[in-house]
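Read the figures in this text as sums done on the coordinates, not as results from a lab. Given the structure is predicted, the values throughout are model-derived calculations rather than measurements. No Cβ is skipped: glycine too gets one built from the backbone with ideal geometry, and neighbour counts run over all protein chains shown.
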Amino acid sequence: MVVLGPLAELQFSLRKLQQPGNEVLFNPWRARAVSGARLLPPDLRDAARFLAPPSAPLVDLFTLVGAADSYAEGVDRLCQVPAGPLDREFALAPTAASARSPWLTGFAHGDRTARPRLTGALADYHALAIAPYWSRIRRLLDNERAARTAVMVAQGLDAMLAGLAPTLRWSPPVLEVSTSPRTWTPGDRAPAVTEIHLRGRGLLLAPSLFADADDLGLYTPWNDDPALLIYPVDLDASTSLRLWHHAEEVGDVALARLLGTTRAAALRVIADGCTTTDLARRLGITPGGASQHATVLREAGLVVSHRYRNTVRHALTGLGVELLNAT
């Protein structure tokens, strides 16, 4: 099993942003994201309509990019995808062709001006809708992965697959996936019976918070890498409160205004004690970026860092604790 990372969740969230607010458990997130997205450049709307159309399959960036722990790593990989595979993937989205702005076609062809436009639009949206919540989203997905792995170890593969989703049926050696009209079906964009033979290349399971039941499907790469089955995790009321409510508390907003959103989040992560690698993973940024944030907080007297062999651990100073308690 694998957690795809913030770029994949960002793409799924773009679809939720465009759908009617009929999922109550996502309403706190949607209200903030919709309000903020109105202030973002039109390039984001172009990207959202094409990459995550409300009533058509998503463009499969997942198998092109793979699992990326940080948003920066995901974007870097996306920009390194050769024009050929990217263009072929874009061409498999005929239902969204009318929504494709010319500059997005340029992105697929490797246009040097188009790539900064897309990455810039997505970066603004990531800072608004994903980054403030990423440490909690990552923890949720890690817990889901651990729980499924525990079931497989204790009860076997059959039990683990049987509990993933009601639209999955495991009939060894065949995994049957019921798809909706807007879900990826290789070679055919309408509901159909499609057989995919893995031929030993394997199958990766990837839980997703923002994917919904209609997004469940099998994504097949152009090369011999493992196929990817993305499935939605269950979200209950208490988990929803933990995900969205605390990110909007007055104290968090005040701290973000003082330090900046990412650095404020870094301070809260360090409150639990962590390494630089842990900090990067929970914030969805590169280790270098995490190290820079920790350095600024340390120079401000809010954090103390200790090196042990090849690892640097961070903790709050008394001043850091006072600042968190005051906000």
- Which whole-angstrom value gives the distance between the alpha carbon centres of segment 7-36 and segment 295-327? 33 Å
- Final fewest-first order of H293, H306 on the 10 Å Cβ neighbour count is H306, H293
- Quick one: putting +1 on the C-beta of Lys and Arg, -1 on the C-beta of Asp and Glu, what dipole do you get for the chain around its Cα centre, in Debye to the nearest 20? 620 debye
- Message: Can you compute 3J(HN,Hα) from phi for each residue in segment 282-289, using the Karplus curve 6.51 cos²θ - 1.76 cosθ + 1.60 with θ = phi - 60°, rounded to whole Hz and x for Gly and Pro?
- Response: 6, 8, x, 10, 6, x, x, x
- Phi to ³J(HN,Hα) by Karplus 6.51 cos²θ - 1.76 cosθ + 1.60 over segment 265-278, Hz, x for Gly, Pro: 5, 4, 4, 5, 5, 5, 4, 8, x, 6, 8, 4, 5, 4
- Evaluate E = 1/(1 + (r/R0)^6) for D224 and L39, where r is the Cβ-Cβ distance and R0 equals 35 Å; express this FRET efficiency to the nearest 0.05. 0.20
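Can you give the FRET efficiency to the nearest 0.05 for T295 and S178, using r as the Cβ-Cβ distance and R₀ = 56 Å?
So, using R0 = 56 Å, E works out to roughly 0.65.
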- Task: Please say if segment 87-175 is rounded, prolate or oblate, where rounded means a/c under 1.5 for a ≥ b ≥ c the square roots of the C-alpha gyration tensor eigenvalues, and otherwise the choice is prolate for a/b larger than b/c and oblate otherwise?
- Result: oblate
- Query: So what's the angle, to the nearest 10 degrees on a 0 to 90 scale, between helix 114-129 and the longest Cα principal axis of the chain?
  - Reply: 60 degrees
- Note on the structure: Counting sequence-distant residues (5 or more places) and residues on other chains, those with an amide H built under 5 Å from that of Y219 are L228, L229, I230
- Note on the structure: Longest principal axis of the chain (C-alpha) makes with the long axis of helix 42-51 (C-alpha) an angle, in degrees to the nearest 10, of 40 degrees
- If the chain between R112 and A159 were fully extended at 0.36 nm per residue, the gain over the current Cα-Cα distance would be 12.1 nm
- Any chance you could run the full-extension gain for Q80 through L25? It's 0.36 nm times the residue separation minus the Cα-Cα distance, nm to one decimal. 16.2 nm
- Estimated 222 nm signal from helices in the chain, with DSSP H stretches of n ≥ 4 weighted -39500 (n - 2.57), rounded to 500: -14500 deg cm²/dmol
- Message: Can you tell me the length gained on complete extension of the stretch W103 to T317, counting 0.36 nm per residue apart and subtracting the Cα distance?
- Response: 72.2 nm
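Using a 10 angstrom Cβ neighbour count of at most 12 plus a DSSP loop assignment to flag exposed GluC sites (Glu not before Pro), which longest range of the chain is free of such sites?
1-194
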- Footprinting exposure proxy for H126, H314 (fewest neighbouring C-beta atoms within 10 Å first): H126, H314
- The local net charge around E23, scoring Lys/Arg +1 and Asp/Glu -1 for residues other than E23 whose Cβ lies under 9 Å from its Cβ, equals +1
- In debye, nearest 20, what is the charge dipole magnitude of segment 249-326 about its Cα centre with +1 on Lys and Arg Cβ and -1 on Asp and Glu Cβ, if you could check? 320 debye
- Task: Taking DSSP loops as anything outside H, G, I, E and B, show the longest stretch in the chain free of trypsin sites (Lys or Arg not before Pro) there with at most 14 other beta carbons within 10 Å.
- Result: 202-308
